[in-house]
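Accompanying notes for the structure given below.
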Amino acid sequence: YYFHEYAWSSAENPYTLTWSKTGACAAQCVDDSNEEDDSSTQATSADLNLGTYKQSSRQICTADDDWYVVKMYSGETVHATLKFSQQSFSQDLDLYLYDSASKQLTVCTEQNPAGCDSSNGQSSTSNEKLDFKVTTNGDYYLVVHGWEGSENAYDLCIDYTNGGKTANGCPAP
């Protein structure tokens, strides 16, 4: 903070400045160590060939989605769980899924909330679960999104199933 004191015209006067602060300063959101992971070209790789992908203590700050890329094959189902604690609407997180052409497959946005599916990653409460069967081989992008600029800490789990792999290593949200 800067205080600028000036006199009218060229007058000189002695003065005393007294000030005080009221209330507490709001805590600043600090991004997690995966930054910059804000787009498909910056996505964090979640290699499911190494087993279930788990991340803990991640952080979403306002307007700063976290992107993860997974390689999927036709007929596989991607499974993801997002764990977080929500006490207010400003802490609401959602899961979105995009294909390799960056087309959103879970058509949920603040501008189109009718496309949101509370049973598939976009509820207004704590914890989310997404299950999506892919029809084409390629890279898919799982995005952790802060609804209307929400901020929150989260844990993420990503896995898959197919005809030969029927167990999903992600816990229920």
(request) Filter segment 47-69 down to residues that are within 17 Å of L130 (Cα to Cα), more than 15 Å from the chain's Cα centre (by Cα) and hydrophobic (A, V, I, L, M, F, W, C), then give me how many there are. (result) 1
(request) Quick one: in segment 83-103, of everything that is out of contact with any Cys (no Cβ under 8 Å at 6 or more places or on another chain) and open to solvent by less than 30 Å² (accessible area, probe 1.4 Å), which residue is nearest to K133 (Cα to Cα)? (result) L97
(message) Yes or no: segment 116-123 includes at least one residue that is at pLDDT 95 or above and farther than 21 Å from T44 by Cα.
(response) no
(request) Among the residues of segment 64-77, count how many are closer than 12 Å to E151 by Cα and part of a strand (DSSP E or B). (result) 2
(request) Search segment 87-99 for residues being in a loop (DSSP other than H, G, I, E, B) and modelled with pLDDT of 95 or more, and hand back the single one that is farthest from E151 (Cα to Cα). (result) D99
(request) Would you be able to say whether some residue in segment 153-162 is surrounded by 16 or more Cβ atoms within 10 Å (Cβ to Cβ) and modelled with pLDDT under 95? (result) no
(message) The conditions are (1) more than 19 Å from P173 (Cβ to Cβ); (2) more than 14 Å from the chain's Cα centre (by Cα), and E35 fails exactly one of them. Which is it?
(response) (2)
(message) Looking at segment 36-51 only, could you name the residues that are among the hydrophobic types (A, V, I, L, M, F, W, C) and without any contact (Cβ under 8 Å) to a residue 24 or more places away in the chain?
(response) L50
(message) Criterion first (closer than 30 Å to G149 by Cβ, of a type in the set (S, T, Y) and either touching a residue at least 40 places away in the same chain (Cβ under 8 Å) or in contact with a Pro (Cβ under 9 Å, 6 or more places away or on another chain) (or both)) does T81 satisfy it?
(response) yes
(request) Working carefully through the options E12, E35, find the one that is charged (D, E, K, R), closer than 27 Å to N127 by Cβ and open to solvent by 40 Å² or more (accessible area, probe 1.4 Å). (result) E35
(message) Taking the condition of being surrounded by fewer than 19 Cβ atoms within 10 Å (Cβ to Cβ) and assigned to a loop (DSSP other than H, G, I, E, B), how many residues in segment 41-63 meet it?
(response) 5
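The values are calculated or read from the model by the stated rules, or taken from the named source; none is laboratory data. Not measured: the values here are computed from a predicted model. Cβ sites come from the backbone with ideal geometry, for glycine too, and all protein chains shown count toward neighbours. For the accessible areas, the whole protein counts, side chains as well, though only heavy atoms, and no ligand, DNA or RNA atoms are used. Shrake-Rupley method; radii C 1.70, N 1.55, O 1.52, S 1.80 Å.
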